[in-house]
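Sharing a structure, written as structure tokens. Questions coming.
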Amino acid sequence: MFKRVLIANRGEIALRILRACKMLGLETVGVYSKADSDAFHLKHVDEKVCVGPASGSDSYLNIENIIEAGRITGADAVHPGYGFLAENQDFASACLENDLAFIGPSPETLKLMGNKAEAREAMQRQGVPILPGLTSSDLNESSALKLADELGFPILIKASLGGGGKGMRVVKDRHELVRALPLVKAEARHSFGSEEIYLEKFLEQARHIEFQILADKHGNIIHLGERECSIQRRNQKLLEEAPSPAVDDHLRKRMGETAVKGASSTGYETVGTMEFLLDGEDNFYFMEFNARIQVEHPVTEMVTGIDLVVEQIKTAMGLPLELNQNDIRIEGHAIECRINAEAHSRDFMPSPGDIVRWVPPAGPHVRIDSHCYHGYHISPNYDSLLAKLIVHGRNRTEALRIMEQALREFEIEGVVNLIPFHLRLLANPDFIAGDYNTGWLEQHLAALT
């Protein structure tokens, strides 16, 4: 059992983890950069430690400093949140070597799932459907062109160690493929420290559907249904909902069982997410596995009533799941809008600055996950997420109405933000009908600005 948890992150997820720890009666340690000394969650932790300057690479990615913070504060576990070091196998290993439990997968699992090409092959061996493609061991210009001739364009080039929507490029003909191969390798080397890439057939007009996995150290593993994540710009999610408008009970059962089978084959023992692409004929294909808590986890919590972060901590302590698959009920509909400090009319340019007015919405079935407050400074050093606005309704129509009103009540001044964008999105007939895919937003951006 844990007594004190170090929260190795910042922003809204740090506050979310703190609340889960308090629910379990655990003490907390906050780490922060010099740019984050006024972070809201630091007012509520039991102890706090500065781990470096504003640059994320020198603070929130500084493994040595974070481990030392855990040592001097007497922490016995570390929760990495999402982003930064959440899926870093070296960090997980360093925690274990220093008698700090890592609230996440084992280093071995992180290594497997962190390499998307290897994860893809591992899932294929378990019978999980994948898109046809070519991994790095056999990849050169000649083999890439041969694959493209066999499959037809478009082809997706992906960095094996990529993540967060980075390290991906779609090519539409032989010339683009030849030109893009060295460029993507260089991008991968610069961003992820490895130029390993792989190719797969690009599935046009597909939906991005992900399944929430919950597992423990005793071999128990279940899924908590799906999330619809197809509203994306440049592979970055902007709105999520659960359940998906495109997934019926039969398809949910098929996909959920496949997700559990794939995760179980790796010995998975915590919270994770299996991501699929879904075509118009209800065929689905493994995309990747995220071995961490997801940004969009609240929509699953809203429709299942299960606190995923609490469950994540409990399973890390070695406690068995108190739920089985038959206990899971998807009730109603939840939607999450990511309120970023960005100007959607200026190509989603980040808008750092000081918040001079902050009035979040309230009311039944409305939830705000945010670290912001009146007077808070939005730093250009980190991501632009201000808040996640989440609502729940008895059905999708009701959830859309609640979300529209919540967005209209939400007042933010001082930084440009995505509230106007989300209001336009919610008014779009295609979106109202649930008729969209991963390419839809890029095609309709002009009408939404």
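The values are calculated or read from the model by the stated rules, or taken from the named source; none is laboratory data. These figures come from a predicted structure and were not determined experimentally. We place every Cβ from the backbone using ideal geometry, glycine too, and count neighbours over all the protein chains shown.
Need pairs with beta-carbon distance below 8 Å; first residue closer than 10 Å to L6 by Cβ and within region 55-75, second basic (K, R); sequence gap 6+ or separate chains.
Correct list of pairs: T73/R4; G74/R4; A75/R4.
Then there's this: Under the condition of being out of contact with any Gly (no Cβ under 9 Å at 6 or more places or on another chain) and not in a loop (DSSP other than H, G, I, E, B), which residue from region 208-221 is farthest from K172 (Cα to Cα)?
I221
Residue-by-condition table, conditions (1) touching a Gly at 6+ places or on another chain (Cβ under 7 Å); (2) in contact (Cβ under 8 Å) with a residue 60 or more places away in the chain; (3) of a type outside the set (D, E):
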position	(1), (2), (3)
A341	no, yes, yes
S345	no, yes, yes
D354	yes, yes, no
V359	no, no, yes
G375	no, no, yes
N381	yes, yes, yes
S384	no, no, yes
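Next up: If we keep just the residues of region 148-164 that are part of a loop (DSSP other than H, G, I, E, B) and of a type in the set (A, V, I, L, M, F, W, C), which is modelled with the lowest pLDDT?
Only one residue fits best here, namely L161.
What are the pairs with Cβ atoms under 6 angstrom where one residue, in region 272-285, is touching a residue at least 24 places away in the same chain (Cβ under 8 Å) and the other, located anywhere, is surrounded by 18 or more Cβ atoms within 10 Å (Cβ to Cβ) and of a type in the set (D, E)? Sequence gap at least six, or different chains.
Listed pairs, sorted by first residue: T273/E210; E275/E210; E275/E288.
Filter region 165-183 for residues that are surrounded by 17 or more Cβ atoms within 10 Å (Cβ to Cβ) and modelled with pLDDT of 90 or more and give the result.
R169, V171, E176, L177, A180, L181
Show me the strands (runs of 3 or more DSSP E) entirely contained within region 1-103 in which 2 or more residues are within 23 Å of the chain's Cα centre (by Cα) and under 24 Å from I355 (Cα atoms).
Counting at least 2 such residues, we get 27-33.
Could you tell me how many of the residues in region 277-316 are small (G, A, S), buried (at least 24 other Cβ atoms within 10 Å of the Cβ) and closer than 19 Å to S230 by Cα?
Qualifying residue count for the region: 0.
Among E141, E118, which is closer than 26 Å to G262 by Cβ, in contact (Cβ under 8 Å) with a residue 40 or more places away in the chain and acidic (D, E)?
The match here is E118.
Ok, one more. Tell me, please, whether a residue that is surrounded by fewer than 18 Cβ atoms within 10 Å (Cβ to Cβ) and at pLDDT below 95 can be found in region 26-43.
There is no residue in region 26-43 that is surrounded by fewer than 18 Cβ atoms within 10 Å (Cβ to Cβ) and at pLDDT below 95.
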